[in-house]
């Protein structure tokens, strides 16, 4: 095996780097910049996020890691919040096809991850999309031209006792959704481009895509 251990530190070096920043002092932002340009993936390990955040200073908006790993006991909450706020949406590709038990596992994981302070989490596979609507009011923009038309609202945590919608062919007006009572599957967008949903309990929104992912 031929190794050029310092090649990655040279501006003209050709090595592709998987960059991991650990929770140890960093002294040279210029070195980090060289490595950053070469990195195909950039990871901060726990408190390494603090080190990058502090060293980057006024340039920190340019240096956002691909992910932060670890038990996060040494990463400062303010630093984690800074990086978390750089994400508008979390997209998972896969998870809605194949074995039914694994599809349900994907939905169950979605229920764990989608909290009020987290970005919206979208799951897409082939021609289907799903996301979890927490209690409250939601506005869904469905005017991109790649919507297929069908949609559904599925209660997945017992009963949704008060659900009201607009923008659907069959709207709900303060109605109860529950398995064995009513589930709004095989609904359709009304073409207005906007769907409003108000719910008092977690509700799964699903819809179709014209183009398979």
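Key figures
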item	result
Of the criteria (1) within 13 Å of residue 138 (Cβ to Cβ); (2) exposed (fewer than 13 other Cβ atoms within 10 Å of the Cβ), which one residue 202 fails	(2)
Any hit, region 97-115, residues being within 30 Å of residue 61 (Cβ to Cβ), in a helix (DSSP H, G or I) and touching a helix residue (DSSP H, G or I) at 6+ places or on another chain (Cβ under 8 Å)	no
Of all residues making up region 129-145, the number that are surrounded by 10 or more Cβ atoms within 10 Å (Cβ to Cβ) and within 20 Å of residue 93 (Cβ to Cβ)	6
Qualifying residue in region 159-178 (condition: modelled with pLDDT under 95 and either surrounded by fewer than 16 Cβ atoms within 10 Å (Cβ to Cβ) or over 19 Å from residue 90 (Cβ atoms) (or both))	no
Subset tally (residues that are within 13 Å of residue 82 (Cβ to Cβ) and surrounded by 15 or more Cβ atoms within 10 Å (Cβ to Cβ)) for region 47-62	6
Residue in region 71-92 that is at pLDDT 95 or above, over 26 Å from residue 146 (Cβ atoms), in contact with a strand residue (DSSP E or B) (Cβ under 8 Å, 6 or more places away or on another chain) and buried (at least 18 other Cβ atoms within 10 Å of the Cβ) present	yes
Any hit, region 117-128, residues being free of Cβ contacts under 8 Å to residues at least 40 places away in the same chain and farther than 29 Å from residue 80 by Cα	no
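One line per residue, one yes/no per condition, for (1) part of a strand (DSSP E or B); (2) touching a residue at least 60 places away in the same chain (Cβ under 8 Å); (3) farther than 19 Å from residue 104 by Cβ; (4) in contact with a helix residue (DSSP H, G or I) (Cβ under 7 Å, 6 or more places away or on another chain):
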{"site": "132", "(1), (2), (3), (4)": "yes, yes, no, yes"}
{"site": "139", "(1), (2), (3), (4)": "yes, no, yes, no"}
{"site": "143", "(1), (2), (3), (4)": "no, no, yes, no"}
{"site": "149", "(1), (2), (3), (4)": "yes, no, yes, no"}
{"site": "152", "(1), (2), (3), (4)": "yes, no, no, no"}
{"site": "172", "(1), (2), (3), (4)": "no, no, yes, no"}
{"site": "177", "(1), (2), (3), (4)": "yes, no, no, no"}
{"site": "188", "(1), (2), (3), (4)": "yes, no, yes, no"}
{"site": "191", "(1), (2), (3), (4)": "no, no, yes, no"}
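The values are calculated or read from the model by the stated rules, or taken from the named source; none is laboratory data. Everything quoted here is computed from the prediction, not taken from an experiment. Neighbour counts are summed over all protein chains in view; Cβ atoms, including those assigned to glycine, are modelled from backbone coordinates with ideal geometry.
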